[in-house]
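Only the coordinates and a few stated rules stand behind these numbers; no lab work does. Note that this is a predicted model, so its numbers are computed, not measured. Don't worry about glycine lacking a Cβ; one is built from the backbone with ideal geometry, like all the others, and counts go over all protein chains shown.
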């Protein structure tokens, strides 16, 4: 019996003003994460007060991209955007729950994943996580922090599952709230 063929490879690119249309199309597509626009962990207290409604999240994330801020990677399959990984310096997010950075540490946070529904459970999660690790390392991160949940968790599933992180060498350093585990990888 032969093993099934691996799924076609995703290609990843940092979201920039030049490829904003790929990010925008992915989030606006049916089933896309247009309810959050990946601003849940990014909005400052002032933005929360000034923009409490979800419809303002898209302009807020676009302003960050237009300003050159790193927000993450968009993954494409045969030129079509199908995946998202929120990976950026930890200080660009609100408090996610990790321990304070030590002198000289450059901590990056992997806050969420999104993959179009028809591509799920085909091995792409590992590719998305590997792309995030590689990107953070190339940008000078010394530690990558993630906030996954147990596989049977009823919420925060968009942050990934602990076993996937454990397979790649992440170790648990604490918890954040009642469901999220804080895991770190030394880069």
What full-extension length gain, to one decimal in nm, is calculated for residue 95 and residue 11 as 0.36 nm per residue of separation minus the Cα-Cα distance?
27.2 nm
Note: region 57-117, point scatterers on Cα, Debye, no solvent; log10 I/I(0) at q = 0.28, 0.30 Å⁻¹ equals -1.23, -1.27
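Before rounding to the nearest 500, sum -39500 (n - 2.57) across all DSSP H runs of length at least 4 in the chain and divide by the residue total; then give [θ] at 222 nm in deg cm²/dmol. Before the final figure, lay out each step's value.
Numbers: 5 runs with 46 residues, N = 187.
Helix-only estimate at 222 nm: -7000 deg cm²/dmol.
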Between the modelled labels at residue 122 and residue 34 (7 Å from Cα along Cα→Cβ) the distance in nm is 2.3 nm
Added length on full extension, which subtracts the Cα-Cα distance from 0.36 nm per residue, residue 155 to residue 139
2.7 nm
When the chain is treated as a Gaussian network with springs between alpha carbons less than 10 Å apart, the largest mean-square fluctuation among 66, 150, 118 is found at 118
Can you pull the one-decimal nm distance between simple spin-label points at residue 179 and residue 20, each 7 Å off the Cα toward Cβ?
3.2 nm
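Please work out the Kirkwood hydrodynamic radius for region 1-111, using every pair of different C-alpha atoms, and report it in angstroms with one decimal place. Could the numbers behind the result be given before it?
On the way: mean 1/r = 0.0645 Å⁻¹.
Here the Kirkwood hydrodynamic radius works out to 15.5 Å.
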Could you tell me the distance between the Cα centroids of region 87-118 and region 131-187, to the nearest Å?
9 Å
hull vol. (C-alpha, convex hull) per residue for region 11-186, Å³ -> 125 Å³
